[in-house]
1. For the stretch 169-178, name all the residues that are of a type in the set (A, V, I, L, M, F, W, C) and within 13 Å of ligand 1 (Cβ to nearest atom).
2. Can you find a residue in the stretch 162-181 that is of a type outside the set (Asp, Glu), within 15 Å of Gln30 (Cα to Cα) and part of a helix (DSSP H, G or I)?
3. Name the pairs whose Cβ atoms lie under 9 Å apart, with the first residue in the stretch 155-168 and near ligand 1 (Cβ under 8 Å from one of its atoms), the second of a type in the set (S, T, N, Q) and part of a strand (DSSP E or B), and 6 or more positions between them or separate chains?
4. Looking at (1) outside any loop (DSSP other than H, G, I, E, B); (2) farther than 18 Å from Pro152 by Cα, which one does Phe218 not meet, given that it meets all the others?
5. Go through the stretch 150-175 and give me each residue that's more than 11 Å from ligand 2 (Cβ to nearest atom) and under 20 Å from Pro187 (Cα atoms).
6. Test of understanding: among Ser85, Ser76, which residue is part of a loop (DSSP other than H, G, I, E, B) and buried (at least 22 other Cβ atoms within 10 Å of the Cβ)?
7. Is there any pair with a first residue in the stretch 89-101 that is farther than 25 Å from Ile136 by Cα and a second that is of a type in the set (A, V, I, L, M, F, W, C) and at pLDDT below 95 whose Cβ atoms are under 9 Å apart and which are 6 or more apart or on different chains, and what are they?
8. Take the residues of the stretch 274-307 that are surrounded by 13 or more Cβ atoms within 10 Å (Cβ to Cβ), modelled with pLDDT under 95 and within 28 Å of the chain's Cα centre (by Cα): which is nearest to Asp66 (Cα to Cα)?
Amino acid sequence: MLLIRCFEDKVHEAFQKNLVFGTTHLCQGQEAVSAGALECLRDDDMLTYTYRGHGQVIARGMDPEDAFAEIFGRDSGCSRGLGGSMHLADLSLGLLGSFAIVGAGLPVAVGAAISAQLNERGQVAMTFFGDGSTNIGTFHESMNLAAVWKLPIVFICENNLYGEYSPILLTTPFEDLAKRAIAYDMPSDIVDGNDVVAVYEAVLRATDRARAGGGPTFVECKTYRQRGHSRSDPAKYRPDDELESWLKRDPIARCEAVLKTLDGFDASGIERIKLSVENLIDEAFESAASAPWPEVRDLSFAALRQD
Ligand SMILES: Cc1ncc(C[n+]2csc(CCOP(=O)(O)OP(=O)(O)O)c2C)c(N)n1
Ligand SMILES: [Mg+2]
């Protein structure tokens, strides 16, 4: 979670320094969802995620330098600098892609789940999406097919209460999105998405069910994005005190408080972890920011295919 938080803070800094081409959508406040859920995956599992997908990619183990380089448009980026913040992918890590079109990642994950079912190796697919995505047609088609074919997939909804600048109840008739699963006779769970252990336990139940042939699960994680929707959105549309009340439930601070009650963890140990994460991110940032640009000839499809 710290790695994701530090990474996102640096991306924000980079954006202000004009190092980021295009836009970027940050996930500070939602780190427990990525960290808890990704802990349940095996190396050969596959996932899709959205434009707000830096957290999933980092939690899955992409080298932060490769992710920074991609966001800065450099040749050493995970997509050769040609995709940017909304296109972080690495097939060797099962990172099938981030999708800028709301809802577009779900059918791709369903396809991955079909391949997992045919392979019979106990793989699962996972797909992350926001609350707003549950109003999109592909969400319903994906849930339906996954339920009918009992596919090994976990649908993870990061309900952060907003779709762009709209509060959820202006676009959706209810706040508990797990109700959507009832229409597909699919098991579901609602968890505190700012509690990393709660996320882990719920998602583990879901991945265990999927691997055992029990089909899909919908896991709704209640969370909150601490920053605006994208770029420099100041998020002025939020009611007074809302951010403050969610900052009190910050997933990292909460985890830290729990760790301090355990044997073997104390304040100085946690400080050491923070310092080592900050150093790692600082070094990755500096290397990526000075990495070479792609050559114009590399922009051709033929050149990319040779890799
Ligand atoms: C099909 C489609 N419609 C509209 C948009 C514009 N858009 C980008 S993000 C977004 C909000 C999505 O909200 P949510 O699914 O809750 O995800 P969050 O941004 O909160 O993570 C919208 C409407 C889009 N990218 N794709
Ligand atoms: Mg949302």
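The values are calculated or read from the model by the stated rules, or taken from the named source; none is laboratory data. The structure displayed is predicted, hence computed values, not measured ones. Here the Cβ positions follow ideal geometry from the backbone for every residue, glycine too, while neighbour counts run over all protein chains shown.
1. First, the residues of the stretch 169-178 that are of a type in the set (A, V, I, L, M, F, W, C): 169-170, 174, 177-178.
Across the stretch 169-178, the qualifying residues are Leu169, Leu170, Leu177.
2. Here is the first cut: in the stretch 162-181, the residues of a type outside the set (Asp, Glu) are 162-163, 165-174, 177-181.
When the remaining residues are screened for being within 15 Å of Gln30 (Cα to Cα), the result is 162-163.
Then drop every residue that is not part of a helix (DSSP H, G or I), which leaves none.
No, the stretch 162-181 has no match at all.
3. What qualifies is Glu158/Thr50; Ile168/Asn159.
4. The single condition Phe218 does not satisfy is (2).
5. Taking the stretch 150-175 and keeping what is more than 11 Å from ligand 2 (Cβ to nearest atom), we get 150-156, 169-170, 173-175.
Within the stretch 150-175, Lys150, Leu151, Pro152, Ile153, Val154, Phe155, Ile156, Phe174, Glu175 meet the criteria.
6. Working: Ser76 fails: buried (at least 22 other Cβ atoms within 10 Å of the Cβ).
Going through Ser85, Ser76 in turn, the sole match is Ser85.
7. Here the result reads none, with nothing in the stretch 89-101 linked to a residue that is of a type in the set (A, V, I, L, M, F, W, C) and at pLDDT below 95.
8. The extreme case among them is Pro294.
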